[in-house]
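The values are calculated or read from the model by the stated rules, or taken from the named source; none is laboratory data. Keep in mind that what you see is a predicted model, and the values were worked out from it rather than measured. Heads up, the Cβs are rebuilt from the backbone with ideal geometry, glycines too, and the neighbour counts pull from every protein chain shown.
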Amino acid sequence: MMSSEGMIMAEKNQLKKYREKRNFKETPEPKGGVKKKSKKPIFVIQQHDASHMHYDFRLEINGVLKSWAIPKGPSLNPAIKRLAVLTEDHPMDYANFEGVIPEGNYGGGTVMVWDFGTYENIKKISMKEGFKKGQLEFFLDGQKLHGAFALVRTNFRGKEQWLFIKMRDEYASAKKNPVTTQKKSALTGRTLRQIAKEEA
Ligand code: MN
């Protein structure tokens with residue numbers, strides 16, 4: 001158990017970047033905080049119609065949402081490796097955020113909760129260790145995505161890069177593509193356009 005003081009320090013450090021990038025007088029995004037871990041750890045994938053459309057994949061690890069921007073979104077095909085760009089830790093409350101970040105603000109554009117659910121660590125080391133090593137393997141139990149996935153850190157032309165990969169199991173598919181066939185919010189059933197209109 002972490003002491004409350006330790007919790008506050010961890011919070012300051014872990015969410016510093018997140019808070020520095022945002023003006024909470026302008027953005028409806030949550031200020032949030034570090035939380036005690038959920039019974040089952042959660043994940044969320046948010047489609048983000050910003051300057052470039054992308055999908056933000058977030059995994060609960062030690063009281064925050066570790067986050068990666070995946071330009072093309074997840075694939076169910078184990079042969080396809082999707083680039084995942086590590087971004088700043090987000091607060092747990094962010095998992096429920098769906099709305100519009102006003103133009104001119106960091107990440108300005110519409111955010112939709114494309115998928116959410118819980119996950120299970122399927123590697124023999126902790127998620128914290130896995131993150132440090134750049135080797136995460138987890139089983140997703142979402143509204144849309146199911147099965148085993150991996151996030152692997154590689155070195156590409158001297159630059160560290162993460163790849164998001166579907167692992168081989170009964171949920172893998174070279175044909176199904178939920179990014180194009182299941183476009184609505186897993187939280188509210190709305191389209192990006194509806195969210196943009198209703199939350200503006
Ligand atoms: Mn984003």
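Just the residues that are in a strand (DSSP E or B) and not β-branched (Val, Ile, Thr), please, taken from the stretch 64-75. I'd like the intermediate steps shown before the answer.
We begin by selecting, within the stretch 64-75, every residue in a strand (DSSP E or B); these are 64-70.
The answer is Leu65, Lys66, Ser67, Trp68, Ala69.
For the stretch 139-159, which positions are part of a loop (DSSP other than H, G, I, E, B) and among the aliphatic types (A, V, I, L, M)?
Filtering the stretch 139-159 for residues part of a loop (DSSP other than H, G, I, E, B) gives 143-145, 157-158.
The one that is part of a loop (DSSP other than H, G, I, E, B) and among the aliphatic types (A, V, I, L, M): Leu145.
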(request) Go through (1) surrounded by fewer than 19 Cβ atoms within 10 Å (Cβ to Cβ); (2) within 16 Å of the ligand (Cβ to nearest atom); (3) over 16 Å from the mean Cα position of the chain (by Cα) one by one and return the number of the condition Pro30 breaks. (result) (3)
(message) If a residue must be without any contact (Cβ under 8 Å) to a residue 60 or more places away in the chain, part of a strand (DSSP E or B) and out of contact with any Gly (no Cβ under 9 Å at 6 or more places or on another chain), how many such residues does the stretch 109-138 contain?
(response) 1
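Of the residues in the stretch 40-63, how many are closer than 15 Å to Met127 by Cβ and either in a loop (DSSP other than H, G, I, E, B) or away from the ligand (no atom under 16 Å from the Cβ) (or both)? Outline the logic, then answer.
Keep residues of the stretch 40-63 that are closer than 15 Å to Met127 by Cβ, which gives 40-43, 57-63.
Still in the running and either in a loop (DSSP other than H, G, I, E, B) or away from the ligand (no atom under 16 Å from the Cβ) (or both): 40-42, 60-63.
Number satisfying all stated conditions: 7.
Quick check on this structure: which one of Tyr106, Tyr94 is among the hydroxyl-bearing types (Ser, Thr, Tyr), within 16 Å of the ligand (Cβ to nearest atom), in contact (Cβ under 8 Å) with a residue 24 or more places away in the chain and assigned to a helix (DSSP H, G or I)? First the steps, then the outcome.
On the way: Tyr106 fails: assigned to a helix (DSSP H, G or I).
When all the criteria are applied, what remains is Tyr94.
Quick check on the stretch 160-175. Is at least one of its residues of a type in the set (Val, Ile, Thr), part of a loop (DSSP other than H, G, I, E, B), touching a strand residue (DSSP E or B) at 6+ places or on another chain (Cβ under 7 Å) and at pLDDT 95 or above? Let's see the steps before the verdict.
Going through the stretch 160-175, the residues of a type in the set (Val, Ile, Thr) turn out to be 165.
Within this subset, residues satisfying the condition of being part of a loop (DSSP other than H, G, I, E, B) are none.
No - not one qualifying residue is present in the stretch 160-175.
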(request) Could you tell me which numbered condition Lys35 fails, if it satisfies all but one of (1) modelled with pLDDT under 90; (2) within 14 Å of the ligand (Cβ to nearest atom)? (result) (2)
